[in-house]
1. What are the lysines whose alpha-carbon lies under 23 Å from the alpha-carbon of Lys154, with same-chain residues fewer than 8 places away excluded?
2. Suppose the chain between Asp127 and His101 were pulled fully straight at 0.36 nm per residue; how much longer would it get relative to their current alpha carbon spacing?
3. Along the range 91-98, what does the Karplus equation 6.51 cos²θ - 1.76 cosθ + 1.60 (θ = phi - 60°) give for ³J(HN,Hα), rounded to whole Hz, x for Gly and Pro?
4. Can you compute the modelled spin-label distance between Lys42 and Lys63, with each label point 7 Å from Cα toward Cβ, in nm?
5. About its Cα centre, what dipole magnitude does the range 25-96 give when the only charges are +1 on Lys and Arg Cβ and -1 on Asp and Glu Cβ, stated in debye to the nearest 20?
6. D for the range 98-157, whole µm²/s, Stokes-Einstein with Kirkwood Rh over alpha-carbon pairs at 4 °C and 1.567 mPa s: what number?
7. Give me the log10 of I(q) over I(0) for the range 25-96 at q = 0.19, 0.20, 0.22 Å⁻¹, as the Debye formula computes it from C-alpha points; what are the numbers?
8. Pick out, in residue order, every one of the trypsin sites (Lys or Arg not before Pro) in the range 23-98 that is DSSP loop and has at most 14 other C-beta atoms within 10 Å; say none if there are none.
Amino acid sequence: MKPIIILFTLFSFKVALAQSVEVSAKYDKIGKFEKGVAIVRKNGLVGVINTDGKEVIKPEYDKISAFGNDGIAYTRKKELVGLINREGKVIADNLYDYIGHFKGGNAIVRRNGLSGVITNEGKIIVDIKYDKLSCEEGGVIRATNADGTMTLIKPNT
């Protein structure tokens, strides 16, 4: 009788180990996991989940880029660009026509044909009122005004 009990116990233990658990089954598509998160698609909108299947960013965006080394992704909603971090915190609302790449923690943004600068925390440090901006060495920002004149700008830090 003991060998049957031992065999039954071993079989039950093996079956218990082989069982799996679904953590998420409600998305149309789940992308590849990178840095602990994956972009998901549901009803034509995208969001982000973690490896536990927890929804970090609700599917409400038209597009979300891959997260950079700084943990920031670009979002697109109704043709406007914003920023969000891997934890789901909105850094910059979808208000911009364009957000450039971050350089030294700052990026040039465009809205309604004018340029400004934001930080990687979403703070506007150069007002969005210039025709053209370029970030130079040492944090210097050069602006071109509507009349073609140029100005050097010290950011509002």
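Nothing in this text is a laboratory measurement; each read-out follows from the coordinates by a stated rule. Note that the structure is predicted; figures quoted are calculated from it, not measured. Heads up, the Cβs are rebuilt from the backbone with ideal geometry, glycines too, and the neighbour counts pull from every protein chain shown.
1. Hits, sequence-local ones excluded: Lys103, Lys123, Lys129, Lys132.
2. Value of the extension gain: 7.6 nm.
3. 8, 9, 4, 6, 10, 10, 6, 7
4. Label at Lys42, label at Lys63, 2.3 nm between them.
5. 200 debye
6. Estimated diffusion coefficient is 115 µm²/s.
7. So the normalised log intensities are -0.67, -0.74, -0.90.
8. Lys26, Lys32, Lys35, Lys54, Lys78, Lys89
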